[in-house]
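Just below is one structure, and these are the notes that go with it.
The values are calculated or read from the model by the stated rules, or taken from the named source; none is laboratory data. Source: prediction; values computed, not measured. Here Cβ is always computed from backbone atoms with ideal geometry, including for glycine, and neighbour counts include all displayed protein chains. All accessible areas refer to the heavy atoms of the entire protein, side chains included, with ligands and DNA or RNA removed. Shrake-Rupley method; radii C 1.70, N 1.55, O 1.52, S 1.80 Å.
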Amino acid sequence: MTKGGMESVEVFTTEGKGRGLKAQKEFLPGDVIFAEPAYAAVVFDSLTHVICHTCFKRQERLHRCGQCKFAYYCDRTCQRAAWLNHKNECSAIKRHGKAPSENIRLAARILWKIEREGSGLSEGCLVSIDELQNHVDSFGEEEKKDLRTDVESFLEFWPPHCQQFGMQFISHIFGVINCNGFTLSDQRGLQAVGVGIFPNLCQANHDCWPNCTVVFNNGNHEAVRSMFHTQMRIELRALSKISPGDELTVSYVDFLNLSEERRKQLKKQYYFDCACEHCKKQLKDDLMLAVKGGESKPSADTVKEVIQFSKDTLEKINKARMEGLYHEVVKLCRDCLKKQEPVLGDTNIYLLRILSIASEVLSYLQMFEEAADYAKRMVDGYLKIYHPNNAQLGMAVMRAGVTHWHAGLIEAGHGLICKAYAILLITHGPSHPITKDLEAMRVQTEMELRLFQQNEFMYYKMREAALKNQKIQVMPEPSNENAPSLFHKKE
């Protein structure tokens, strides 16, 4: 079964896993298997005034909808593009007196689209909204309570003159949002800013070591002529060579967790038991639990004690980060590393988590040399654990490269930036804003490296002068959030 723009994939039914997607032709790493616009999408409640409601880009100055005073847009182009989906929402918000939560807004947008087009197959969709999984039968008591609250809030918001839907169908839509809502990120891919429904993407099954990745592309409305504009979409990209007939898989969770933890997370959030090769054989778990070897091999009790100390420290770190106490975070990281270093191996996830936090916070505090040392150790560990074309690995290597550059370690910095660029070319593609930023960094560090190799003294003199004349590029404030996960789960 193929559909407009989806000729290269086929929906099939798998034993025990339900529907899945398989390739109809060969793909190489970095190939776009398909691109899919959102069926419906909304900006998170907390960001409605700083993110464009059409392309989901973060902008300094946004135009506000003059009618509902709720929706914001980059410009008139984005506002015009939004009108079909915003028209009903606009009058409903005015009638209701305020905008409801993101879940209610997304359900309403889905149902207005069904009212306009019917609930059958939309153009370019392999499955209809009716056919998407809702997992309502698997909900626990707390989730059922949340569902009832959402349905009640929705019925208060939904205008009486619009098509009226049955309670069961409304519950189905909320169930679909709960387990199929895809996280949308800003144009730098660093912050989750919204949630959308992409029916074709929903058909891709999970694997902890997938052959595909999903990247969100905000589109481009900057060209003068609208024929050159591209719309907001997700892209399913190949991470490795895929042959015709191979199942296309993506990872719903970060691989940097023990197989047991990943399985628990998948069961809790997506209601299935992961039976992928990496979970069944617990592949890479030995690396993630590595301890020092040789004559100084620590006892099992010592390892247990250090891991517990690491867990306790991570809780204290989270609290300090929430309060913006970054010097306290650095102290906690240093104390924890002193305990960990004689006991845990270089790829132990508890060591890597502390190294990651320490390098990020020290970079923000402009203590770049110490940050670079931790970042290098973190990347060395990640390279042994992650798939070589993992997007999160690429982003971590990029951050480490920038930290090394700030520390004046130009050779190592350039090497890391080149490595990150090679990964992101596959995961994000050459036209993504992050890849373009990285390409500019790569060119700059290459020029600096040449100068450094010709005359080290002159390089440092010029660098010092340049940094005095321009404001040093401050690293972003450390975020308490993890990298945006694939699917958005309501907390």
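Observations on the structure shown:
- At q = 0.12, 0.13 Å⁻¹, base-10 log of I(q)/I(0) for the chain (Debye sum, equal scatterers on each alpha carbon): -1.22, -1.39
- Where the chain is the region considered: accessible area per residue in Å², 1.4 Å probe: 49
- Region 287-468: mean projected area of Cα convex hull, nm²: 12.2
- Share of carbon and sulfur in the accessible area of the chain stands at 50%, probe radius 1.4 Å.
- Backbone HN-Hα couplings from phi across region 414-421 [Karplus 6.51/-1.76/1.60, Hz, Gly and Pro as x]: 5, x, 5, 5, 5, 5, 5, 4
- Amide H to amide H distances under 5 Å link Thr249 with Asn211, Cys212, where only residues 5 or more positions off or on other chains count and H is placed in the peptide plane.
- For Lys17, the aspartates and glutamates whose Cα falls under 14 Å of its own Cα, not counting residues fewer than eight places away in the same chain, are Asp207, Glu247, Asp273.
- Ser296 accessible area, 1.4 Å probe, all protein chains in place, Å² to nearest 10: 80
- Rounded accessible area of His135 (nearest 10 Å², 1.4 Å probe): 50
- Once the chain from His135 to Val151 is taken as fully extended at 0.36 nm per residue, the excess over their C-alpha distance is 4.2 nm.
- Segment Met367-Val291, length gained on full extension (0.36 nm per residue, minus Cα span): 24.5 nm
- Loop-located GluC sites (Glu not before Pro) in region 77-127 whose Cβ has at most 15 other Cβ within 10 Å (DSSP): Glu123
- Once the Cα atoms are used to define both axes, helix 391-406 deviates from the longest principal axis of the chain by about 40 degrees.
- Calculated [θ] (222 nm, deg cm²/dmol) that DSSP helices of n ≥ 4 give over the chain, each run adding -39,500 (n - 2.57): -15500 deg cm²/dmol
- Packing order of peptides 45-51, 423-429, highest average first: 423-429, 45-51 (average count of other Cβ atoms within 10 Å over each peptide's residues).
- Simple spin-label estimate for Lys98 and Glu143 gives 2.9 nm between the two label positions (7 Å along the Cα-to-Cβ direction from each Cα).
- Computed log₁₀ I(q)/I(0) - Debye formula, equal Cα scatterers, no solvent, region 9-250, q 0.11 Å⁻¹: -0.61
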